Amino acid sequence: TAALSTFNILGAKTVNGIHTGKVKLGVIGCGGRGRGATGNFLEACATLGLEVEIVAYADVFQDRLGLFVKKFGVDSSVGYSGYEGYKKVTESDAEFVIMATPPNFRPVHFEACVAAGKHCFVEKPIAVDPVGARKVIEVGEIAKAKGLTVVAGTQRRYDKKYLETKAAIDAGAVGEIL
């Protein structure tokens with residue numbers, strides 16, 4: 001139920017709290033992390049009984065598009081390669097966009113997605129320098145004003161082994177941390 005509420009917040013089309021139609025997804029960056037995040041998104045939607053349609057995807061490298069098609073069985077005609085391919089994703093009717101390219105592109109892609117009115121999953125890290133970080137903060141404020149939801153990836157934050165290790169450290173297992 002909480003996850004369904006999240007989709008309602010994200011702007012998914014609902015009638016009496018029930019999603020109608022397909023969730024439309026765009027992906028920028030079809031390498032290993034892009035394929036992984038897309039798989040995670042599809043699994044999360046499946047647990048809610050939501051159908052997903054990948055309406056556009058892009059990567060600088062053509063071979064990564066082929067791997068994306070192979071993994072998800074998507075239509076190759078909505079895959080775009082090259083440095084400008086991300087623009088096709090922002091021009092699509094995707095409701096949500098996953099951004100999983102190398103992080104130096106993140107501020108540009110994020111700005112384009114927010115300008116196009118897309119809800120965003122931004123993979124970590126969101127920026128690699130102060131200029132990029134300030135741009136992401138600025139665009140985040142624009143997204144907030146537009147009522148768009150932005151989610152950033154985290155690394156290992158919910159991994160059981162990391163949580164157990166942190167609990168042990170907090171309990172004094174390694175002594176006082178200076």
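The values are calculated or read from the model by the stated rules, or taken from the named source; none is laboratory data. Note that the coordinates shown come from a computational prediction; the quantities given were computed from them, not determined experimentally. FYI the Cβ positions are ideal-geometry reconstructions off the backbone, even for glycines, and counts take in every protein chain you see. Remember, those area values only see protein heavy atoms, side chains included, never the ligands or the DNA or RNA. Shrake-Rupley method; radii C 1.70, N 1.55, O 1.52, S 1.80 Å.
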query = If amide H atoms are built 1.01 Å from N in the plane of the peptide, which residues on other chains or at least 5 residues away come under 5 Å of the amide H of T149?
reply = C120
ask   = Cα atoms only, the stretch 31-73: Rg and Dmax in Å?
value = 10.9, 33
message = I'd like the Karplus ³J(HN,Hα) series for the stretch 160-167: coefficients 6.51, -1.76, 1.60, θ = phi - 60°, whole numbers in Hz, and an x wherever there's a Gly or Pro.
response = 4, 5, 5, 5, 5, 5, 4, 4
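Scanning the chain for trypsin sites (Lys or Arg not before Pro) in DSSP loops with at most 10 other Cβ atoms within 10 Å, what's the longest stretch left with none?
Values: sites that count: R156, R157.
By the stated rule (loop sites, at most 10 other Cβ atoms within 10 Å), 1-155.
In the stretch 84-116, what GluC sites (Glu not before Pro) fall in a loop by DSSP, with at most 12 other Cβ atoms inside 10 Å?
Values: sites: E84, E91, E95, E111; in loops: E84, E95.
Here the GluC sites (Glu not before Pro) that fit, given the DSSP loop and packing criteria, are E84.
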query = Which links in K87/K144; K88/K146; K22/K71; K71/K166 stretch past 25 Å when you go from one Cα to the other?
reply = K71/K166
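Return the loop-located chymotrypsin sites (Phe, Trp or Tyr not before Pro) in the stretch 106-167 (DSSP other than H, G, I, E, B) with at most 13 other Cβ atoms within 10 Å of their own Cβ; answer none if there are none. Numbers along the way, then the final one.
On the way: sites: F110, F121, Y158, Y162; in loops: Y158.
Filter output for the stretch 106-167: Y158.
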task = Please list the non-local residues whose amide H lies under 5 Å from the amide H of Y80, H modeled 1.01 Å from N, same-chain partners needing a gap of 5 or more.
result = Y57, A58, D59
ask   = Tell me, what HN-Hα J-couplings in whole Hz come from the Karplus equation 6.51 cos²θ - 1.76 cosθ + 1.60 at θ = phi - 60° for each residue of the stretch 21-38, using x for Gly and Pro?
value = x, 9, 7, 9, 10, x, 9, 10, x, 9, x, x, 5, x, 5, x, 5, 5
ask   = Under 20 Å Cα-Cα from K135, which aspartates and glutamates qualify once same-chain neighbours fewer than 8 residues away are excluded?
value = E84, E111, E123
query = Carbon and sulfur atoms: what percent of the 1.4 Å accessible area of the chain do they account for?
reply = 57
key: Linear extension gain, E43 paired with S76, 0.36 nm per residue minus alpha-carbon span   = 9.7 nm
The chain: translational diffusion in µm²/s, Stokes-Einstein, Kirkwood Rh over Cα pairs, 37 °C, 0.692 mPa s = 189
